[in-house]
Structure formats: structure tokens, C-alpha cells
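The values are calculated or read from the model by the stated rules, or taken from the named source; none is laboratory data. Quick caveat, the model's predicted, so the values are computed rather than measured. Every residue, glycine among them, receives a Cβ derived from its backbone with ideal geometry; neighbour counts consider all protein chains shown.
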């Protein structure tokens, strides 16, 4: 159960009601501080809708963060969202296998993106060779966007865990299909 109340549109001032146009549990908790919710949504919106980073690679990076953080909310939401952006069930299983050091059929760039997300999540930064390889492959703009994406979602999983945000019933099937390790 969340540590702050889940607010509804009717609980908000008229100028803040747009913050719940997507009424997911995370946003319902964040709107306890409308300006913080607006700032959070600004960066999240850029990552999803403004960045030129390949959406499949973006979702793989986010999924890697969610998997490593053992974040049921992040993982379930982005397994679903990943499907919307070209991540297949086989890709999700390959991410799980790649994280465990098992061989996969993922392409080299996808593996590099997962490695970058693992390094940033575990070590706080991408290793030099990983960054250089991604910079060579993606260019400066997209490597910055990827770095920002991984960093932002590392923050998101910490917010989710601290506020104890509940996974909505619609997302539970994704956890059942791809359960997080204990």
C-alpha cells in the first residue's frame, strides 16, 4: 500500500487536473505535489515522445533498470509499454538471459544498451569503453538521451520503492508472465 494517498482528478485544483490524464498509480501518488508531478512528467514526456532514440532500445534500457531494481511496478509497466514499441516476449526473455550471462540472440547494439544500463545501475556510471562504443554507434545526441533515460529510470525505481506504489491489476499479467526473481 502506498505511503501517500492516491489522489483523483476531483481532489486536484482545476489547473492541475491534466496531471491525471493518464491515471496510473504512480501519477496518483505524485500529484500530492503537483509541481513535482509536472516536473517529473516533463522529463518523462521528453524521454518517451521527444527523444530520437530508437524506442525499442529505450524500452530495453528501462526494462534492464526495472529488472535490476526488482521493481514490480517499473517492470510490469514497461513490459507492456515495450510491446507497444517493438520489444517482443523473446526480447524480454533475452534481457533476462543476458543479465544472467547466458547467450542470447540479441543484436550487438541491444546488448550494448543493456550493458550500459547495468553499469549505470550497479556502478553509478557507464564504463568508458561502453560509453565510447555507444557514442560511436549512436552519436552524441542519442548517447546523451540514452544516458538521461537510464539515469531517470534509476530515479523512478527509487521513487516507486520509497512511496511503495502498487501495481495496478491491469499490469499484473506481465509480472505473472515474466516474474521478477526473489
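Kindly indicate whether residue 92 is crowded, with 24+ Cβ neighbours inside 10 Å and in a helix (DSSP H, G or I). Taking the combined requirement at face value, the residue does not satisfy it.
Tell me, which residue of segment 1-11 that is touching a helix residue (DSSP H, G or I) at 6+ places or on another chain (Cβ under 9 Å), exposed (fewer than 14 other Cβ atoms within 10 Å of the Cβ) and touching a residue at least 24 places away in the same chain (Cβ under 8 Å) is farthest from residue 34 (Cα to Cα)? Taking the candidates together, the pick is 3. Among the residues making up segment 12-32, those that are out of contact with any helix residue (DSSP H, G or I) (no Cβ under 8 Å at 6 or more places or on another chain) and without any contact (Cβ under 8 Å) to a residue 12 or more places away in the chain are 14, 15, 18, 21, 22. Go through the residues of segment 80-88 one by one and say whether even a single one is assigned to a helix (DSSP H, G or I), at pLDDT 95 or above and over 15 Å from residue 175 (Cα atoms). Yes, segment 80-88 contains at least one residue that is assigned to a helix (DSSP H, G or I), at pLDDT 95 or above and over 15 Å from residue 175 (Cα atoms).
Can you give me the number of residues within segment 121-136 that are without any contact (Cβ under 8 Å) to a residue 40 or more places away in the chain and within 15 Å of the chain's Cα centre (by Cα)?
First pass over segment 121-136, keeping only residues without any contact (Cβ under 8 Å) to a residue 40 or more places away in the chain: 123-136.
Among the residues that remain, those that are also within 15 Å of the chain's Cα centre (by Cα) are: none.
Residues in segment 121-136 being without any contact (Cβ under 8 Å) to a residue 40 or more places away in the chain and within 15 Å of the chain's Cα centre (by Cα): 0 in total.
All of 98, 145, 166 fail the test of being assigned to a helix (DSSP H, G or I), more than 14 Å from the chain's Cα centre (by Cα) and at pLDDT 95 or above, apart from 98.
Taking interchain pairs and intrachain pairs at least six residues apart, which have beta carbon atoms under 8 angstrom, with the first residue in segment 169-182 and over 15 Å from residue 78 (Cβ atoms) and the second assigned to a loop (DSSP other than H, G, I, E, B)? Close Cβ pairs satisfying both conditions: 181/70. Restricting the search to segment 33-79, which residues are outside any helix (DSSP H, G or I), free of Cβ contacts under 8 Å to residues at least 40 places away in the same chain and surrounded by 20 or more Cβ atoms within 10 Å (Cβ to Cβ)? Of everything in segment 33-79, nothing turns out to be outside any helix (DSSP H, G or I), free of Cβ contacts under 8 Å to residues at least 40 places away in the same chain and surrounded by 20 or more Cβ atoms within 10 Å (Cβ to Cβ). Being modelled with pLDDT of 95 or more and in contact with a helix residue (DSSP H, G or I) (Cβ under 9 Å, 6 or more places away or on another chain) is a property that holds for residue 55.
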